[in-house]
Amino acid sequence: MVQTLEHILGFATEPGFSEAIHALSHRGRVEYLTVSPDEIARRRFRLMTDSGTDCAIVLSRAEKLADGAILKLDADGAIVVRMSHRTWLTLDAPNKATAMELGYFAGNLHWKVRFGDGLIHIALEGPLKTYLDRLDGLITSGKAILVGIRDEL
C-alpha cells in the first residue's frame, strides 16, 4: 500500500520534533526516506523507506524538501528524509585552453559541475567507470588531470 505524503511537518532538529523523533526511535518506529541530491528539488516522486514503506511524495510548490524533513509523525511512527551524499570527480587542466575544452566537453554531456580552486568538480550520477571511460582521451592526452574522488564539496 502506498503512503501519500503531502506536507513537511517540520524538521528533526527543531525543538519538540527532535524529542518526539528520539522517543519513537527508541521504539524502532522511525523510518528514513533516503533522497538523492537530484531528487531533493522535485515535488513529486515515489521512493521506499529503509523499512520498505512505499511513499508517494506530493508537495506544494511552497515546500522545499531538505535533510531532516519530517513527512509523517504520529503515535505509530515517523518518516524522516535523509539526503544521500553526492560523489564528485575532481579534475584539473594544465592551461586555460584545455580547461575550456574540458568544460565544453562536460557541458556537451550535460554533466552537473562545480568550479572552485581552479578545478572542475563533476557530480557522479552513475558508475565512476562510465565517467572515466568518457574522459579517457582527455586524461591520456594530458588535457585533463585526475585530482581525486570525494563525497560532497
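Model label points for Leu109 and Asp38, set 7 angstrom from Cα along the Cα-to-Cβ axis, are 1.4 nm apart.
Modelled spin labels at Asp92 and Asp50, positioned 7 Å past Cα toward Cβ, are 3.8 nm from each other.
Which value, in Å to one decimal place, does the Kirkwood hydrodynamic radius take for the stretch 87-151 when every pair of different Cα atoms is included? Don't skip to the end; give the middle numbers.
Working: mean 1/r = 0.0863 Å⁻¹.
After inverting the mean inverse Cα-Cα distance, the result is 11.6 Å.
Length available on full extension from Asp74 to Ser60: 0.36 nm per residue minus the Cα-Cα distance, which gives 2.9 nm.
Between the residues Ile122, Ala97, Met83, the greatest Cα displacement towards the positive end of the dipole of the chain, with unit charges on the Cβ of Lys, Arg, Asp and Glu, is found for Ala97.
Among Met83, Met1, Met48, which comes first, then next, by fewest other beta-carbon atoms within 10 Å?
Working: Met83 17, Met1 4, Met48 12.
Taking fewest neighbouring Cβ atoms as first place, the list is Met1, Met48, Met83.
I need Tyr131, Tyr32, Tyr104 ordered by Cβ neighbour count within 10 Å, fewest first. Don't skip to the end; give the middle numbers.
On the way: Tyr131 20, Tyr32 13, Tyr104 10.
Ascending number of Cβ neighbours within 10 Å: Tyr104, Tyr32, Tyr131.
For the stretch 61-76, 3J(HN,Hα) computed residue by residue from phi via the Karplus equation (6.51, -1.76, 1.60; θ = phi - 60°) reads 5, 6, 9, 10, 5, 8, 4, x, 5, 9, 9, 8, 7, 8, 5, 7 Hz, glycine and proline entered as x.
In a solvent-free Debye calculation with one equal scatterer on each Cα, what is log10 I(q)/I(0) for the chain at q = 0.08, 0.11, 0.15 Å⁻¹, listed in the order of the q values? Rounded to two decimals, the profile gives -0.35, -0.58, -0.81.
Work through the residues other than Ala69 whose Cβ is under 10 Å from its Cβ and net out their charges, Lys, Arg +1 and Asp, Glu -1. Mind dumping the intermediate values first?
Working: positive: Lys64, Arg82; negative: Glu63, Asp67.
Taking every Cβ under 10 Å from that of Ala69, the sum is 0.
Using the crude model of +1 on Lys and Arg Cβ and -1 on Asp and Glu Cβ, and no other charge, please compute the dipole size for the chain relative to its Cα centre, in debye to 20.
Rounded to the nearest 20 debye, it is 360 debye.
Partner aspartates and glutamates whose Cα lies under 17 Å from the Cα of Lys143, excluding those fewer than 8 positions away in the same chain, are identified as Asp92, Glu101, Asp133.
Bear in mind these aren't lab numbers, they're just calculated from the coordinates by the rules spelled out. The shown structure was predicted, so the numbers you read here are calculated from the model rather than taken from an experiment. Virtual Cβ from ideal backbone geometry, glycine too; neighbours counted across all protein chains shown.
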